[in-house]
Amino acid sequence: LQNQKSNKLLVHMKLKPKIKTINIGTIDRNLEMNPLQLLSIKEGDFFETQKLKSDLVNLQKKLETMGYPFNSHQMSVTQVKDKVIINLVITLGEPRLFKGVKSNATSMYVNDFLQRKFHTFYNKPFEFTKFKLYLDEAQRELFSYGYYLISLDFSPLIKNNRVSLDIKVTHDKPFAFDFKNLKEEHRD
């Protein structure tokens with residue numbers, strides 16, 4: 001026991017810096033949403049370079065799905081003591097605009113309904129998820145009008161930064177029920 005040496009282990013720890021401020025601006029257009037919602041990092045979080053890089057990749061992908069496929073950004077990160085300030089400038093670029101709808105519907109009513117449904121989006125950036133939600137809503141509305149078996153799906157046709165929707169419609173025949181000789185139950 002006398003031959004044992006005493007060793008000391010010195011551990012120097014330093015906390016990661018915290019994000020003090022995130023400043024985001026856009027140059028050429030205004031986004032319909034707060035750009036801070038596009039990032040997962042928040043003010044007050046610990047700053048991690050890898051997480052910031054991942055957020056920027058996701059930001060570019062999100063902006064592309066919002067109709068801005070040629071977006072870019074410039075960023076500066078300034079550290080003062082244990083605080084970090086992130087300045088981000090987003091250039092959205094030329095938007096991919098929605099220009100029209102075509103469908104294979106055999107029903108004139110369904111075709112006109114789809115044209116009216118997407119009319120408010122003409123000449124606006126093509127946001128894939130928003131169009132998918134509207135198409136699902138259109139299918140539910142058509143179901144309530146008696147198109148019980150209808151199915152809608154779309155594929156975007158992109159040409160020269162212009163998008164038209166090719167809506168595939170199946171089972172676009174309406175159904176109506178006619179009850180006869182009901183003795184115990186009425187039509188309701």
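Below, the figures for the structure above:
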{"item": "The chain: antiparallel DSSP beta bridges as a percent of all, rounded to 5", "result": "60"}
{"item": "For the stretch 135-188, accessible area per residue (1.4 Å probe, heavy atoms of protein chains only), Å²", "result": "77"}
{"item": "Stretch in the chain that is longest and holds no trypsin sites (Lys or Arg not before Pro) that DSSP places in a loop and that have at most 10 other beta carbons within 10 Å", "result": "82-179"}
{"item": "Whole-Å semi-axes of the ellipsoid equivalent to the stretch 35-146 (Cα gyration tensor, √5λ, descending)", "result": "41, 15, 9"}
{"item": "Eligible aspartates and glutamates near LYS99 by straight Cα distance, threshold 12 Å, same-chain separation 8 or greater", "result": "ASP166"}
{"item": "Tensor-based shape of the stretch 106-188 (alpha-carbon gyration tensor, a/c under 1.5 rounded, otherwise prolate or oblate)", "result": "prolate"}
{"item": "Surface accessible to a 1.4 Å probe, per residue, for the residues of the stretch 3-130, Å²", "result": "68"}
{"item": "Rounded percent of accessible protein surface that carbon and sulfur make up, the chain, 1.4 Å probe", "result": "52"}
{"item": "Gaussian network model of the chain, springs between alpha carbon atoms under 10 Å - residue of LEU88, LEU152, LEU133 with greatest fluctuation", "result": "LEU133"}
{"item": "Within the chain, helix-based [θ] at 222 nm, where runs of 4 or more DSSP H residues each add -39,500 (n - 2.57), nearest 500", "result": "-7500 deg cm²/dmol"}
{"item": "Shape box of the chain [Cα atoms, principal axes, largest first, Å]", "result": "106, 53, 26"}
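The values are calculated or read from the model by the stated rules, or taken from the named source; none is laboratory data. Keep in mind it's a predicted model, so treat the numbers as computed, not measured. Reconstructed Cβ throughout: ideal geometry from the backbone, glycine too, with neighbour counts over all protein chains shown. To get the accessible areas, we keep the full protein, side chains included, count just its heavy atoms, and leave off ligands, DNA and RNA. Shrake-Rupley method; radii C 1.70, N 1.55, O 1.52, S 1.80 Å.
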